[in-house]
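Below: the structure, in structure tokens.
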Amino acid sequence: MRKNIVAGNWKMNNSLDQTKALIEDLTTELKEVQLANTRVIIAPSFVNLQQAIQNTENNVIEVVAQNMHYAKSGAYTGEVSAEMLTSIGVKTVILGHSERRAYFNETDESLTEKVNTAIANNFDVIFCFGEQLKDRESENHFNIVEVQLKNVLFELPADAFKNIILAYEPVWAIGTGKTASADQAQEMHLFIRNTLSKKYDAKLAESVSILYGGSVKPNNAEEIFSKPDVDGGLIGGASLKAKDFSAIVKAI
Ligand code: PGA
């Protein structure tokens, strides 16, 4: 059975002290919550990963990275490798976030390399993709999503998909307060699952968790998560407040 996942992408937020405080508050909020078949994930910045790992040792929260370089090591100033992340206990990485694509020139080519490196190093990958507003307005969104998946993931062997989590994030809904409706999310998630099924097979398609991301908040999470092909969310803004993020976790 595929897992439900609620993942908080902290982006470039939270100092060391704020990281510790938010984890403490989240731990308190989530203490009594029954989380059968559910992964709760946070992605702090690189500099605070090690501290976050220490502070989540005795609870359900998993700590993951927001990005990673594809090379093993070398002259890549400012970058972080799979080996470095593994050495501090990080086992999952977010790749392809729309902000990485838009502001740091990540392309299908560089993301293919990153995904391949991550899989070769036994990471789970939360792979983000989604259309821009102009794509939806021109009704090209299914096509865009299919191409994004195909270009980066569809050379992978079927076996690699046990380590792939998909995060459909329509760019027009990220940080804008505009969320896709639950029906729009379901429609796209079903399309994604059907696309996986055609390329691989139905069993594989049923086994992959597909998260929705883009202005998920405590007041809309339950409806979005109630859809059969929505297996959780990737949460930005609302993951920075313990009460909001835990309310979203409780909605799964
Ligand atoms: P948001 O961000 O929840 O603030 O819209 C989502 C994301 O960027 O993953």
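The values are calculated or read from the model by the stated rules, or taken from the named source; none is laboratory data. These numbers were taken from a predicted model, which means no experiment stands behind them. Neighbour counts run over all protein chains shown; Cβ positions are idealised from the backbone, glycine included. With ligands, DNA and RNA removed, areas are computed over all heavy atoms of the protein, side chains included. Shrake-Rupley method; radii C 1.70, N 1.55, O 1.52, S 1.80 Å.
Determine whether segment 52-71 contains at least one residue that is open to solvent by 50 Å² or more (accessible area, probe 1.4 Å), modelled with pLDDT under 95 and of a type outside the set (Asp, Glu). Taking every residue of segment 52-71 in turn, at least one turns out to be open to solvent by 50 Å² or more (accessible area, probe 1.4 Å), modelled with pLDDT under 95 and of a type outside the set (Asp, Glu).
For segment 219-251, filtered to residues that are more than 12 Å from the ligand (Cβ to nearest atom) and part of a loop (DSSP other than H, G, I, E, B), the residue that is farthest from the chain's Cα centre (by Cα) is Asn219. Scanning segment 209-218 for residues that are surrounded by fewer than 19 Cβ atoms within 10 Å (Cβ to Cβ) and within 11 Å of the ligand (Cβ to nearest atom) yields a count of 1.
When you check Glu155 against the structure, is it farther than 23 Å from Glu79 by Cα, of a type in the set (D, E, K, R), outside any helix (DSSP H, G or I) and in contact with a Pro (Cβ under 8 Å, 6 or more places away or on another chain), yes or no? Taking the combined requirement at face value, the residue does not satisfy it. Taking (1) under 27 Å from Ala185 (Cα atoms); (2) outside any strand (DSSP E or B); (3) at pLDDT 95 or above in turn, Asn122 satisfies each apart from (1). Here is a check on your reading of the model: is Gly89 at positive phi, more than 14 Å from the ligand (Cβ to nearest atom) and touching a helix residue (DSSP H, G or I) at 6+ places or on another chain (Cβ under 8 Å)? Yes: the conditions hold for Gly89. Just one of the listed residues (Glu24, Glu79) is farther than 23 Å from Leu211 by Cα and either free of Cβ contacts under 8 Å to residues at least 12 places away in the same chain or within 16 Å of the ligand (Cβ to nearest atom) (or both), and it is Glu79. Among residues of segment 173-208 being within 16 Å of the ligand (Cβ to nearest atom) and touching a residue at least 60 places away in the same chain (Cβ under 8 Å), the one that is least open to solvent (accessible area, probe 1.4 Å) is Ile174. Within segment 91-129, being under 15 Å from the mean Cα position of the chain (by Cα), open to solvent by 10 Å² or more (accessible area, probe 1.4 Å) and small (Gly, Ala, Ser) holds for one residue alone: Ser98.
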